[in-house]
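What follows is a single structure, written as structure tokens, with notes after it.
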Amino acid sequence: MKELLTPKKLVMRIATAGLVLVAVMFVCSLIGTQSISLKAVLDAVGAPATVSPDYEIFVKVRLPRIFLAAIVGAALACSGVVFQALLRNPLADPYILGISSGAGLGAIIAVMTGFNWTMWGRSPIAVFAFAGALGTVWLVWFIGRLTGKFRVTGLLLAGVVVNAFFSAVIMFLTSIAESQHLYATIFWLMGNMTEEDSLVLWTGAGCVAAGIMALFYISPQLNALSFGEEDARSMGVNTARTRTIAFAVAAFITAITVSLSGLIGFVGLIVPHGVRLVFGPDHRQLIPLSAIIGSVFLVAADTLARIIVAPAQLPVGVITAIIGGPFFLVLLVKYSRRVTWLK
Amino acid sequence: MNKWWWLILIVLCWMAAGFVIFDFPQSQKHSDTTMPSHVSRIVSMAPNLTEILFALGLDDEIAGVTLCSDYPPAATEKTKVGTFWQPNIEAVIAAKPDLVITLGFDLQQNLAERLNRIGYNTLTVNIEKVSQLFEAIGIIAAATDRQDRADELTRGIRKKLNRLAAVVANSEKVRVLWVVQEEPLRVAGRDTFINEMIELAGGENAIGPTIHKYPPIGAEQVIACSPHVIIEPAMEQQDIDGQQHTAMQYWSKFNSLPAVKNRHIYVIDADRVSRLGPRLYEGVETIARCLRPQLFAN
């Protein structure tokens, strides 16, 4: 059942997935707790003087949120692919090396210091969460290197322990400085999809797209690495350089998603596995397809989160796990006989 | 030039284009929105704000309330715009408000900022202390042109509170333990409006100053603070008698406490005492009845 990946096949698959994404985004933009008519929206485009709720809901609330979900979904899915390949561990997800607790710690420090400014439309919580996420990943990477040159086990253990340690610090800080600000922060971290400023979406999309492109550049080396360190080196791959780039880029785009929307679980774990199960393990195709399907998945999940308990809203993480879990298990049973894990 | 340099160059151009196409985002300030002279569609984002609006006679102007706004009964018939914790911004906009009133919590302030950015008028009030309640009523009244009703409302509440204060003034303060949650045990501390309500009702918080607003406490502290009365706001509005029974059972293990010995354990309607709103006096009176049932016997 091995089929070779030709450039033509790759382009066809990416184009098909892209069309699906556009269709899903279009359909989801018409679904919501408030039914709006596309005609009313289009009528209001030419006449800015009159305020039309349909237009404002569609253009200023729903579309930005859908674009945000698409950006975050793409970044998390790609980052999941890379961490699973680098750590050679099927349980790896974008948050495995301490990003979640580092972001949490950063956000809580921002709240406790009481900063009140905005930088490029981002609140101090978002900026500190970003810095905390990157700082923690660097720390884990550094400790991992001390344990031996790119020993995966050392890196993983360092990640788990740093995660546990920072989580404990977060618990300690929240219990000594109880305030409604901290509760709001924790709520923010649990996944927070809102309509964002256009510039924030624009820059976020730019960074994530560049990151995905960079990962696509090194996908042949990632293929080699998934056979193991020694094999990759014997194939002439500069493993240290590949790992460093992949690691830095994946951590960077994950940290961006954290600062955009908090922590959203499950996307980075199941989308890469799902794509790998259906289309095979070649990273040249895994990275672009995971990005697009991650977007589709999160846009759809977020739309459900918006409407399922109307008029209230659910955190999107609830939906990604409830819908994604069973769906993934079906894929797992159906396709797993055809593939071997991570090879 | 290799592919990596191209990538960096394209990203830089993309960023630059973004800053050219979209304006550099200004930090949102509340002051730059001007209040309309007359408001006719108000959305309230918290149950106690809804109660204030109704108390000010704005029944017809209310265009939307949160799911948990159930008092006065007319509030349940208003359009719902999500919950306090999970507001639905689409529903808020669909209600076509000319004023959205939120509380000062981070989450609500965030909603207010988002609405401001889209171009809606918002009003944020802090209601965490009794004095802030009176201030907030004044602020909302000023924004909705209902000053007369507001004066009448606050005067009425103050008068009733003063009358109650006069009744309980000469008796000794009753030590109250206010239980927020049983497992694990959490109680209301000194820095809460519950504490103020207890004092207005002629009681005193059995728990001394604590770091937390609602401190978790252990059995040792429960015994040490020796409350004369234990009050638990009911978790659910139905079956208060059942909850009263459970509470009696729970506290029977602390049978050395005066409150337990004398069976002064009360489960009360939570809405009256957990929302700082126009029903403040009713809440305080409910507490006062628990502290000194004999005073209210006739």
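The values are calculated or read from the model by the stated rules, or taken from the named source; none is laboratory data. Source: prediction; values computed, not measured. Cβ coordinates were reconstructed from backbone atoms using ideal geometry, including for glycine residues, and neighbour counts include every protein chain displayed.
Restricting to segment A:191-210, give me the number of residues that are over 14 Å from residue B:111 (Cα atoms) and either among the hydrophobic types (A, V, I, L, M, F, W, C) or within 8 Å of chain B (Cβ to nearest Cβ) (or both). The total comes to 12. Considering segment A:184-258, the qualifying helices (runs of 4 or more DSSP H), each wholly inside and each with 3 or more residues that are touching a residue at least 40 places away in the same chain (Cβ under 8 Å) and buried (at least 18 other Cβ atoms within 10 Å of the Cβ), run over A:198-217, A:219-225.
When residue B:259 is tested against (1) in contact with a Pro (Cβ under 8 Å, 6 or more places away or on another chain); (2) part of a strand (DSSP E or B), only condition (2) is not met. Out of A:271, A:299, A:275, A:333, one residue alone is more than 28 Å from residue A:192 (Cα to Cα) and hydrophobic (A, V, I, L, M, F, W, C). It is A:333.
Yes/no per residue for (1) over 21 Å from residue A:95 (Cα atoms); (2) more than 12 Å from the chain's Cα centre (by Cα):
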position: A:190; (1), (2): no, yes
position: A:201; (1), (2): yes, yes
position: A:212; (1), (2): no, no
position: A:266; (1), (2): no, no
position: A:275; (1), (2): no, yes
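Do the conditions hold for residue B:105, that is, is it at the interface with chain A (Cβ under 8 Å from one of its Cβ atoms), closer than 21 Å to residue B:280 by Cβ and either at pLDDT 90 or above or under 21 Å from the mean Cα position of the chain (by Cα) (or both)? So residue B:105 passes the test.
Which numbered condition in (1) within 29 Å of residue B:203 (Cβ to Cβ); (2) within 21 Å of the chain's Cα centre (by Cα); (3) surrounded by fewer than 21 Cβ atoms within 10 Å (Cβ to Cβ) is the only one that residue B:136 fails? It is condition (3) that residue B:136 fails.
Among the conditions (1) among the β-branched types (Val, Ile, Thr); (2) crowded, with 20+ Cβ neighbours inside 10 Å; (3) at pLDDT 90 or above, the only one that residue A:161 does not satisfy is (2). Return yes or no: is residue B:40 assigned to a loop (DSSP other than H, G, I, E, B), touching a strand residue (DSSP E or B) at 6+ places or on another chain (Cβ under 9 Å), within 14 Å of chain A (Cβ to nearest Cβ) and modelled with pLDDT under 90? Against the criterion (assigned to a loop (DSSP other than H, G, I, E, B), touching a strand residue (DSSP E or B) at 6+ places or on another chain (Cβ under 9 Å), within 14 Å of chain A (Cβ to nearest Cβ) and modelled with pLDDT under 90), residue B:40 does not qualify. Taking residue B:124 and the conditions (1) farther than 18 Å from residue B:198 by Cβ; (2) in contact (Cβ under 8 Å) with a residue 60 or more places away in the chain; (3) out of contact with any helix residue (DSSP H, G or I) (no Cβ under 6 Å at 6 or more places or on another chain), which numbered condition does it fall short on, given that it satisfies the others? Failed condition: (3).
Name the single residue that is nearest to residue B:104 (Cα to Cα) among those in segment A:166-183 being without any contact (Cβ under 8 Å) to a residue 12 or more places away in the chain and assigned to a helix (DSSP H, G or I). Ranking the qualifying residues of segment A:166-183, first place goes to A:180. The test for being free of Cβ contacts under 8 Å to residues at least 24 places away in the same chain, out of contact with any helix residue (DSSP H, G or I) (no Cβ under 8 Å at 6 or more places or on another chain) and under 20 Å from residue B:274 (Cβ atoms) does not hold for residue B:66.
Being in contact with a helix residue (DSSP H, G or I) (Cβ under 9 Å, 6 or more places away or on another chain), of a type in the set (Gly, Ala, Ser) and at pLDDT below 90 narrows it down to one of A:135, A:102, A:121, so name that one.
Details: A:135 fails: at pLDDT below 90; A:102 fails: at pLDDT below 90.
When all the criteria are applied, what remains is A:121.
Can you name the residue in segment B:190-216 that is part of a loop (DSSP other than H, G, I, E, B) and within 13 Å of chain A (Cβ to nearest Cβ) and, of all such residues, is nearest to residue B:292 (Cα to Cα)? Working first, answer last.
Here is the first cut: in segment B:190-216, the ones part of a loop (DSSP other than H, G, I, E, B) are B:190-192, B:201-202, B:206-215.
From the residues that got through so far, the ones that are within 13 Å of chain A (Cβ to nearest Cβ) too are B:191-192, B:210-215.
On the way: B:191: 24, B:192: 22, B:210: 27, B:211: 30, B:212: 29, B:213: 26, B:214: 25, B:215: 26 Å.
Applying the filter and picking the extreme gives B:192.
Six or more apart or on different chains, Cβ under 8 Å: which pairs go from a residue in segment B:256-278 that's without any contact (Cβ under 8 Å) to a residue 60 or more places away in the chain and more than 19 Å from residue B:227 (Cα to Cα) to one that's surrounded by fewer than 22 Cβ atoms within 10 Å (Cβ to Cβ) and charged (D, E, K, R)? Could you list them? Sorted first by the residue in segment B:256-278, then by its partner, the pairs are B:272/B:279; B:272/B:282. Only residues that are more than 7 Å from chain A (Cβ to nearest Cβ) and over 14 Å from residue B:46 (Cβ atoms) were counted across segment B:75-98, and they come to 6.
Looking only at segment B:264-291, filter to residues that are of a type in the set (D, E, K, R) and at pLDDT below 90; which one of those is surrounded by the fewest Cβ atoms within 10 Å (Cβ to Cβ)?
Applying the first criterion (of a type in the set (D, E, K, R)) to segment B:264-291 yields B:269, B:271-272, B:275, B:279, B:282, B:285, B:289.
Narrowing further to those that are at pLDDT below 90: B:269, B:271-272, B:275.
Details: B:269: 14, B:271: 20, B:272: 20, B:275: 23.
If we take residues in segment B:264-291 being of a type in the set (D, E, K, R) and at pLDDT below 90, then B:269 is surrounded by the fewest Cβ atoms within 10 Å (Cβ to Cβ).
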